[in-house]
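Inspection log for the structure reproduced underneath, given as structure tokens.
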């Protein structure tokens, strides 16, 4: 489950909280699987805890304050592998290990001192690491899987003569060192995009007849992606090259190395990320 909350903190608020609860009972209080509580006093810090049988457990504190009074925010909480992974404004903030089975959670509450704009829920599918969908123009495929491999069939391939295909991917990177995006043509790979966080590069290449070509690594500036952040990748294909942008910023052009773009029939994303949406 991925929960996204947007809003702003009121100027008069000293703290607020977000609770993943097991019911709504007031007396005794319903168990709280995850209590997320930003506090602005003492320089600002975050308290995380769980309430069981009307008793609080041991607090976990993060002495960092990504929120500001009167300013908008976006909180994203992904529950995966028995851990609540929290990002604020696109930056990873903390992980909280579950103390209560997530299957018991049926209510999410946000306390006062917050002007809420949106609460959005996306179901994370954990049973399958690989899903295949037929290509349909303008179709959005929403999916989420743990680190592994996700594939999308492109049906009849790319038709460059009529222009042009665009791939728009939304990716959550809470942790991990590298991942790759492949546009495959059977056993060949027309475009291999491989961000490597430890090297701070984005490697591009092509695999033809089981042999890799010459790598391309140049970028217009520093590595645009970093661990613990959410980002979007946009790949546009025309008759001459692939163009890639991250978070709306152009990064590189990659000239085609395969003669027939119509052979490209599969989009693959693999590695230490969670893919939540693909639009073709």
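Read the figures in this text as sums done on the coordinates, not as results from a lab. The shown structure was predicted, so the numbers you read here are calculated from the model rather than taken from an experiment. Note that we place each Cβ from the backbone using ideal geometry, even for glycine, and neighbour counts take in every protein chain shown.
So the values come out like this:
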item	result
Extension gain from residue 257 to residue 4, taking 0.36 nm per residue of separation minus the Cα-Cα distance	87.1 nm
Added length on full extension, which subtracts the Cα-Cα distance from 0.36 nm per residue, residue 219 to residue 11	70.8 nm
Where labels lie 7 Å past Cα in the beta-carbon direction, separation of residue 81 and residue 241 in nm	3.7
Label point distance in nm, residue 110-residue 55, each placed 7 Å from Cα along Cα→Cβ	3.3
Most to least packed among 259-270, 47-58 [average Cβ atoms within 10 Å]	259-270, 47-58
Length gained when the stretch residue 212-residue 29 is fully extended (0.36 nm per residue, less Cα-Cα span)	59.9 nm
